[in-house]
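Enquirer: This structure is in structure tokens; I'll ask about it shortly.
The values are calculated or read from the model by the stated rules, or taken from the named source; none is laboratory data. Here the structure is a predicted model, which means the values were calculated and not measured. Here the Cβ positions follow ideal geometry from the backbone for every residue, glycine too, while neighbour counts run over all protein chains shown. Surface accessibility is based on the protein's heavy atoms, side chains included, excluding ligands, DNA and RNA. Shrake-Rupley method; radii C 1.70, N 1.55, O 1.52, S 1.80 Å.
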Amino acid sequence: MFRFKSRAGCVWDLALRRGTAERKVKATEKRRNSQTTGLTIGKQIQSLDSPLEIFVICAQGVCGFFPTPQERDTDKGEEMSTGRFRSGGRDKCRMHMVTWNVATAEPPEDITSLLQLDVQPPTDLYVIGLQEVSSSPVRFISDLLVEDSWSHVFMDTLAPRGFIKVTSVRMQGLLLLVFAKQVHLPYIRDIQTTYTRTGIFGYWGNKGGVSVRFSFYGHMVCFLNCHLAAHMNYALQRVDEFEYILETQDFDISESPNVLDHKVVFWFGDLNFRIADHGLHFLRSSINSGRLNLLWSKDQLLMMKKKEAFLQEFEEGPLNFKPTYKFARNSDTYDTSGKKRKPAWTDRILWRIKPKDLPSEDDEKASTCTDDGQDEYPIMVTQDKYTSDMSYGVSDHKPVIATFSLELRKCFDTPMVHISPVGVWSADQDAVLTYTVQEDFMSSTWDWIGLYKVGFKSASDYETFVWVRENELPEINEVIQISVDKDEIPLLGGQYVLGYYSTNMQSILGLSSNFQILESKRAVMEGLVPEGINGINK
């Protein structure tokens, strides 16, 4: 047993246990039992932010939060579209992507331009891929205890605008962050992350790829952030590394166990492809005169796409922005050092729609299975913008930005769990909430309900939490009532929301409407607020 203190001040007695009771599945009407899976790690540190996480430091330099069971007592570019639709209603979601090799620099104070926060129509998803985040031994250890400075600046900027960090994954200098509008959280499910090392004979994580996959309204999507081998002469090696990453990364999802099994894949990062053959003078002259098209035919990635069939499945917008590498820091001037690196479009964002499966000659039913299913819930990807932001100079790379419109038919639009507060909430009395499982899923007695202040940053950014019902997991549509101790409720009140977190699906499956917690009389008594506010002075 060991002690755990929540950020709200509650002390819990916790103990590891080997398995969890799972909710029964309708098809069998029998309860499932799950076992905690093993993970070979170098070191683990208990998370101070979540009841269900440990921080894992792998010997390979991979770090991240993983669940652990604990005792219950305790300028606009050319648009490009890919996809297909039959007639029928569909919804449009707007996604903003950034890839940036930050060259171990600290983040700038203002990232408003990078995120284009005031763009219309508003953004629904942000996907941020960084390379060469500082990972010196001292810095790496400090990042184990708190979020790294880049994650902090993105969360601090996006949270006040209603974006919550869905997940993140880091492998040494590679960092991938996904943010979503609060309204989308219950429909982002089955979140998983993985990584592949390709640096120093495949044993070091300074090069490689990190990925995040999830179901978005039932559509399987995957984001792969890569940092591939450097230098002009290693174009073939870069292709081999990417192919190796695709072959080795897998997920514990039957419908999409590999990267290319997903309906949509976004591949981005410092891919390090250079501009071949042309001399430095011709490169700079073409860039300065705005004749970027003269360089396209010698771009190594475009050249490799003509040779490699699997690369041809990936789409990319036109390179109508200046090469993003290599710049003198804090300037718009290309490399003036002794090395005088040639400018190149090293930083790229591509995407792939899963191709239709072609029916074989001896399988007449093939076209009525996979294809019809895909057409029933289609998705279309349109790139609205593909550009760089030259205003940032902290790195020798400029960030690349792409915005996309995802048009899709939702496979579902009802959250798995309905949750709501009951009556008046304040720290003067115990509070009550109810939740109802509306759709069958593998729930667990490790699932919990968090109380979040409106504007929260991530699933672990709760004020307090309560476990779901301990002794027995609920039936479909059964209303479960849980009380919250008054000592756990914020004294000062404010706008809050309740969220049901699934440990198996690694996501929030239900959110209540925003509600008001009233200021407590105890807040006045303890001198936290002046008397007379809200009439509480009698």
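Enquirer: Compute the relative contact order of the stretch 419-468 as a whole-number percentage, counting only Cα pairs closer than 8 Å that sit 6 or more residues apart in sequence. Can you show the working numbers first?
Expert: Values: 49 pairs, mean separation 13.9, N = 50.
It comes to 28 percent, rounded to a whole number.
Enquirer: Please report, in debye to the nearest 20, how large the charge dipole of the stretch 398-515 is about its Cα centre when each Lys and Arg carries +1 at its beta carbon and each Asp and Glu carries -1 there.
Expert: That gives a dipole near 680 debye.
Enquirer: For the stretch 412-538, with the dipole built from +1 on Lys and Arg beta-carbon atoms and -1 on Asp and Glu ones, taken about the Cα centre, which of Phe412, Ser507, Ile517 lies farthest toward the positive end?
Expert: Ranked along the dipole, the leading option is Ile517.
Enquirer: Could I ask something else about it? For Asp440 and Lys486, FRET efficiency with R0 = 45 Å and r from the beta-carbon atoms, rounded to 0.05?
Expert: Numbers: r = 34 Å, r/R0 = 0.76.
In this case the efficiency is close to 0.85.
Enquirer: Checking the table Lys92/Lys326; Lys181/Lys385; Lys354/Lys398; Lys181/Lys521; Lys181/Lys342; Lys165/Lys342 against a 32 Å threshold on Cα-Cα, which pairs fail?
Expert: Lys92/Lys326; Lys181/Lys521; Lys181/Lys342; Lys165/Lys342
Enquirer: Can you give the net charge of the other residues whose Cβ lies under 11 Å from the Cβ of Asp430, counting K and R as +1 and D and E as -1?
Expert: On the way: positive: Lys486; negative: Asp428, Asp485, Asp487, Glu488.
Result for the neighbourhood of Asp430: -3.
Enquirer: I've got another one for you. Round to a whole number: what % of the accessible area of the stretch 168-220 belongs to carbon and sulfur, probe 1.4 Å?
Expert: Here it works out to 58 percent.
Enquirer: So, counting K/R as plus one and D/E as minus one, what does the shell of residues with Cβ under 14 Å around Pro108 add up to?
Expert: So the environment of Pro108 carries a net charge of -3.
Enquirer: Now, a different point. Net charge around Tyr126, counting only other residues with Cβ within less than 11 Å of its Cβ (Lys, Arg = +1; Asp, Glu = -1)?
Expert: Values: positive: Arg94, Arg161, Lys165, Lys181; negative: Asp124.
Every neighbour counted, the sum reads +3.
Enquirer: I would also like to ask the following. Of the heavy-atom accessible surface of the stretch 248-345 (probe 1.4 angstrom), what whole percent is carbon and sulfur? Intermediate results must be reported in sequence, preceding the final value.
Expert: Working: 2120 of 4540 Å².
Result for the stretch 248-345: 47 percent of the exposed heavy-atom area is carbon or sulfur.
Enquirer: Please list 223-236, 334-347, 166-179, 122-135 highest first by mean number of surrounding beta-carbon atoms within 10 Å per residue. Numbers along the way, then the final one.
Expert: On the way: 223-236: 19.9, 334-347: 17.0, 166-179: 24.7, 122-135: 22.8.
Per-residue Cβ counts within 10 Å, averaged per peptide and sorted highest first, yield 166-179, 122-135, 223-236, 334-347.
Enquirer: Oh, and also: State, as an integer percentage, the relative contact order of the stretch 380-538 based on alpha-carbon contacts under 8 Å between residues 6 or more apart.
Expert: Taking the mean separation of contacting Cα pairs over the length of the stretch 380-538, I get 23 percent.
Enquirer: Exactly which GluC sites (Glu not before Pro) in the stretch 476-527 are in a DSSP loop and have at most 13 other Cβ atoms within 10 Å? Walk me through the numbers before you get to the answer.
Expert: Details: sites: Glu478, Glu488, Glu519, Glu526; in loops: Glu478, Glu519, Glu526.
Qualifying residues, ordered by number: Glu478, Glu526.
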